[in-house]
1. Subtract the Cα-Cα distance of GLN174 and ARG100 from 0.36 nm times their separation in residues, and report this length gain in nm to one decimal.
2. Using the Cα atoms as the points, what is the convex hull volume per residue of segment 135-201 in Å³?
3. Once you sort the root eigenvalues of the Cα gyration tensor of segment 137-254 as a ≥ b ≥ c, which label holds: rounded (a/c under 1.5), prolate (a/b larger than b/c) or oblate (the other case)?
4. Keeping all protein chains in the complex and leaving out DNA, RNA and ligands, what accessible area do you get for PHE262 with a 1.4 Å probe, in Å² to the nearest 10?
5. Determine which residues of segment 213-232 fall in the zone a paramagnetic label at LEU185 would reach in this model, i.e. backbone nitrogen under 17 Å from the point 7 Å along Cα→Cβ.
6. Pop out the carbon and sulfur fraction of the accessible area of segment 79-206 as a percent, whole number, probe 1.4 Å.
7. To the nearest µm²/s, what D does Stokes-Einstein give for segment 84-207 at 4 °C and 1.567 mPa s, using the Kirkwood radius over alpha carbon pairs as Rh?
8. Could you calculate the FRET efficiency of SER243 with ASP146 from 1/(1 + (r/R0)^6), where r is the beta carbon distance between them and R0 is 22 Å, rounded to 0.05?
Amino acid sequence: MYRTVVNRVLLSGGGRRLPRFPDIRTIISSSRFSTTTEPQTVLNRPLNPSDSSTSSSSPMSFPTSSASGDVPRHDRKNPRAEYEGEQARVLQASLRHVIRLGWSEEAMIAGAKEVGISPSIVGSFPRKEAALVEFFMDDCLQRLIDRIDSGEELQNLTPSQRIYKLVRSRLEMQAPYISKWPQALSIQAHPLNVSTSFKQRAMLVDEIWHAAGDETSDLDWYVKRTVLGGIYSTTEIYMLTDSSREFRDTWLFLDNRVKDAFDLKKTIQEAKYLAEAVGAGMGSSLQGFVGRVLQR
């Protein structure tokens, strides 16, 4: 399923070794997806299967009765709420300088000057470049939530069509920054930032599944979000090397991945392998993980 993007991105470059990533068992044990036995709450959803009366009967069932805009989730936290006032104004203005200056302190200084605030405010951000990337991610999520809650664009669409449309809409938001997006991914992968990045992507995937009509809270919750997270990430990487007009090849790649995900047999097989890989630790490099996927 992922052979095309791997060949184009991960296995290119004359056999250069990819950067080593933290052991996935460390990430899993310290994340919201902990394997502890105590009931937890993730993204406002119960994770104890016994507490749910809405679990589906098959590993990949896709409810279609819930329209995305019918019941707005007013109890969720506004992603933009972390930064307010002058800080938010500076970060918003800084985004207009990213294309020229990258995700950098220089872009933030330029943003502060643009809105008439002293550049010294940049010192109030403990993780300057990371704060800019995370603000952009939160802003994109809120814009996507606003579109979901309006419900207009998703009416009369099947769950797979909703997922395709929302993933595409979200990735289109970062298209203007595509030349600088590898830098953003590098910032997100820094050990000090990876936990926030993981949380932001988990929130994004959860919103998209909710818009598709998913209300499960048992093991299906994990399987579906793992699969969609993989679709989003591989499409995001594919987009970085796409030279087709208006990213047509990327959207075709995304469409094929969504169709694959709704193939029950393929989805279960890939989710099963992922679970086995996580249990085994699967090595410390992304290249090793991708290589094992391609061998299946």
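The values are calculated or read from the model by the stated rules, or taken from the named source; none is laboratory data. Owing to the predicted nature of the structure, the values given are computational and were not obtained by experimental measurement. Positions of Cβ are backbone-derived with ideal geometry, glycine not excepted, and every protein chain shown enters the neighbour counts. Surface areas here come from the heavy atoms of the whole protein model, side chains and all, with no ligands, DNA or RNA. Shrake-Rupley method; radii C 1.70, N 1.55, O 1.52, S 1.80 Å.
1. Between GLN174 and ARG100, full extension yields an extra 25.2 nm.
2. With only Cα atoms used, segment 135-201 gives 94 Å³ per residue.
3. oblate
4. Estimated to the nearest 10 Å², PHE262 gives 60 Å².
5. It comes to 229-232, nothing else.
6. The computed percentage sits at 51.
7. Value of D from the Cα-based Kirkwood radius: 84 µm²/s.
8. 0.10
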